[in-house]
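Student: The structure under discussion is supplied below as structure tokens; questions concerning it will follow.
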Amino acid sequence: MPRSSCSAAEAYGPHASESFWSCPGHCGVGVGFLAYPFALDTCVFIYLLEENPEYLPIVRPMFERIDAGALPAVTSTLTLLETLMVPYRAGDRPLADRYEALLTRSKGLECVAISRAVLRGAAMLRAVANVPTPDAIQLATALQRCCGTFVTNDRKISSLDHLRVVQLQELL
């Protein structure tokens, strides 16, 4: 049964901000290993566009479904910063343009701006779970959008009470 709110108080104790985690509508509905909507970490985009031979067979079908609007997904605008840095440093404007197009024009992908609410949630994750700032922003974005799953390959990120972390390595 879908949950209609994501409670930080349940996940992180009495100091969590209930308004940040409450979300309208249906949260966490899904099939297989993904609960809809789901969130993607930066590495997933890198594996796709740089055609990582190990992970491409997993991420390409996922992005085909996202782009078709069949698989709703979110990521933080932090992903744009993280994916553009290396192409800009290398002077690879075409790759930077591909990242930006993927993040801003995919039909089923919402690139969520870093709001005050996300920053408060990230601060809470840092305070309660000692999560590094970039990861805390990504996770807070996922929780704010009531995602049931966060897809990454960062082994330092672990599941939270209301957010299952799926490691791509485990899907090989």
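Coordinate-derived values only; no laboratory data. These figures come from a predicted structure and were not determined experimentally. Every residue, glycine among them, receives a Cβ derived from its backbone with ideal geometry; neighbour counts consider all protein chains shown.
Student: Write down the Kirkwood hydrodynamic radius of segment 54-95, to one decimal in angstroms, obtained as one divided by the mean of 1/r over all alpha carbon pairs.
Tutor: Averaging 1/r across every pair of different Cα atoms and inverting gives 12.1 Å.
Student: Quick one: Karplus J couplings for segment 136-153, per residue in order, coefficients 6.51, -1.76, 1.60, θ = phi - 60°, nearest Hz, x for Gly and Pro?
Tutor: My calculation for segment 136-153 gives 4, 5, 4, 5, 5, 4, 4, 5, 5, 8, 6, 6, x, 9, 10, 9, 8, 9 Hz in order.
Student: If each residue of separation counts as 0.36 nm, what is the full-extension length gain between R155 and A129 once their alpha-carbon separation is subtracted?
Tutor: Working: separation 26, 0.36 × 26 = 9.36 nm, distance 1.49 nm.
In short, 7.9 nm is gained.
Student: For q = 0.12, 0.19, 0.23 Å⁻¹, what log10 I(q)/I(0) does segment 57-172 give under the Debye formula with an equal point scatterer on each alpha carbon and no solvent?
Tutor: With one equal scatterer per Cα and no solvent, log10 I(q)/I(0) is -0.46, -1.13, -1.42.
Student: Okay, next question. Using Cβ counts within 10 Å as a stand-in for footprinting exposure, how do T42, T133 rank, fewest first? Provide the component values of the computation, followed by the final result.
Tutor: Numbers: T42 23, T133 13.
By the 10 Å Cβ count, ascending, the order reads T133, T42.
Student: Continuing with the same structure: Specify, per residue and in Å³, the volume enclosed by the convex hull of the alpha carbon atoms belonging to segment 105-172.
Tutor: Values: hull volume 6.7 nm³, N = 68.
Per residue, the Cα convex hull of segment 105-172 comes to 98 Å³.
Student: Would you kindly derive the ³J(HN,Hα) couplings of segment 45-51 from the backbone phi angles with the Karplus curve 6.51 cos²θ - 1.76 cosθ + 1.60 (θ = phi - 60°), listing them in order in whole Hz, with x for Gly and Pro?
Tutor: 5, 5, 4, 5, 6, 9, 6
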